[in-house]
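Below is a structure I'd like to ask you about.
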Amino acid sequence: MPGTTPHPLIHINGFPGAGKLTVAQHLLERVALSANLKLIHNHLLINPADAVLHRTQPGYQSLRRALRTAIFSSLATEPATFNTTYMFTDFQTANQQGASVCAEYAQAAKDRGCLLIPIVLTCDEDENIKRMTQSEREKHAKLMDVELLRMFRKGTPIFEFSDRKEFLKIDVTHLEPEEVAKIIWEHVLLFYPV
């Protein structure tokens, strides 16, 4: 119930270029007047780690985990965060590493005493490639390697919290970001009417 438990954590997962950040930004605009919502997009966590270690170096994943842990600890223990819904964007597959990271999100919500509302965005490969090669991504130092994306898509699928009633999977291939943002917020309100 709103007012008695901390606001939820929203986890938006999908392949690079699926539109996670764009959708999250539209969601921020959509609910700015009616709810307290903050975005912690994955590059806020990736870029500090990249500044210290290359992704292939030992210790890189541990550093990323330490950054997540610091944020999750604040969300669990700092009452000033409790009246805010936090939205995370992410790219985690169903391999051991991805499942472990997603388990951290689930534990963070449990420690905070709130709902975790997991969202997966999917789109077909052609649309995914088209979105990935847009110049806007370069401004944010985002992945733009089409061959790497193809390799990701042929590998392990995106992690899904499919056992949770709060889970929502959206095929965004033919949807505008504003439409996706609306669908996500209506879904959030089903579980936590802020």
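Pairs please, first residue from segment 106-126 and assigned to a helix (DSSP H, G or I), second anywhere and of a type in the set (G, A, S), Cβ atoms under 7 Å, 6+ apart in sequence or on different chains.
As it stands, the answer is A108/A76; D111/A76; R112/A76, since those pairs meet every condition given.
Quick check on segment 79-98. Is at least one of its residues of a type in the set (A, V, I, L, M, F, W, C), part of a strand (DSSP E or B) and surrounded by 14 or more Cβ atoms within 10 Å (Cβ to Cβ)? Full working, then the answer.
Going through segment 79-98, the residues of a type in the set (A, V, I, L, M, F, W, C) turn out to be 80, 82, 87-88, 91, 94.
From what's left, part of a strand (DSSP E or B): 87-88.
Checking which are surrounded by 14 or more Cβ atoms within 10 Å (Cβ to Cβ) leaves us with 87-88.
Yes: one or more hits.
Among L75, L63, which is the only one that is touching a Ser or Thr at 6+ places or on another chain (Cβ under 7 Å) and surrounded by 15 or more Cβ atoms within 10 Å (Cβ to Cβ)?
Testing whether each residue is touching a Ser or Thr at 6+ places or on another chain (Cβ under 7 Å) and surrounded by 15 or more Cβ atoms within 10 Å (Cβ to Cβ) leaves just L75.
Applying the selection to segment 105-128, what residues are surrounded by 15 or more Cβ atoms within 10 Å (Cβ to Cβ) and either small (G, A, S) or touching a Cys at 6+ places or on another chain (Cβ under 9 Å) (or both)?
Scanning segment 105-128 gives A106, A108, A109, P118.
Out of the residues in segment 1-48 that are among the small types (G, A, S) and either open to solvent by 60 Å² or more (accessible area, probe 1.4 Å) or not in a loop (DSSP other than H, G, I, E, B) (or both), which is farthest from T156 (Cα to Cα)?
It comes out as G3.
Would you say L63 is in a helix (DSSP H, G or I), among the aliphatic types (A, V, I, L, M) and over 25 Å from P157 (Cα atoms)? Spell out how you get there, then give the answer.
Working: in a helix (DSSP H, G or I): yes; among the aliphatic types (A, V, I, L, M): yes; over 25 Å from P157 (Cα atoms): no.
Answer is no for this residue.
Which of the residues that make up segment 19-50 are modelled with pLDDT of 90 or more and small (G, A, S)?
Those that are modelled with pLDDT of 90 or more and small (G, A, S): G19, A24.
What number of residues within segment 144-194 satisfy the criterion of being open to solvent by less than 50 Å² (accessible area, probe 1.4 Å), in contact (Cβ under 8 Å) with a residue 24 or more places away in the chain and assigned to a loop (DSSP other than H, G, I, E, B)?
8
The values are calculated or read from the model by the stated rules, or taken from the named source; none is laboratory data. This structure is a prediction, so every number in the text was calculated from the model and none was measured. All Cβ positions, even for glycine, are placed from backbone atoms using ideal geometry, and neighbour counts span all protein chains on display. Please note that ligands, DNA and RNA were not included when accessible areas were found on the heavy atoms of the full protein model with its side chains. Shrake-Rupley method; radii C 1.70, N 1.55, O 1.52, S 1.80 Å.
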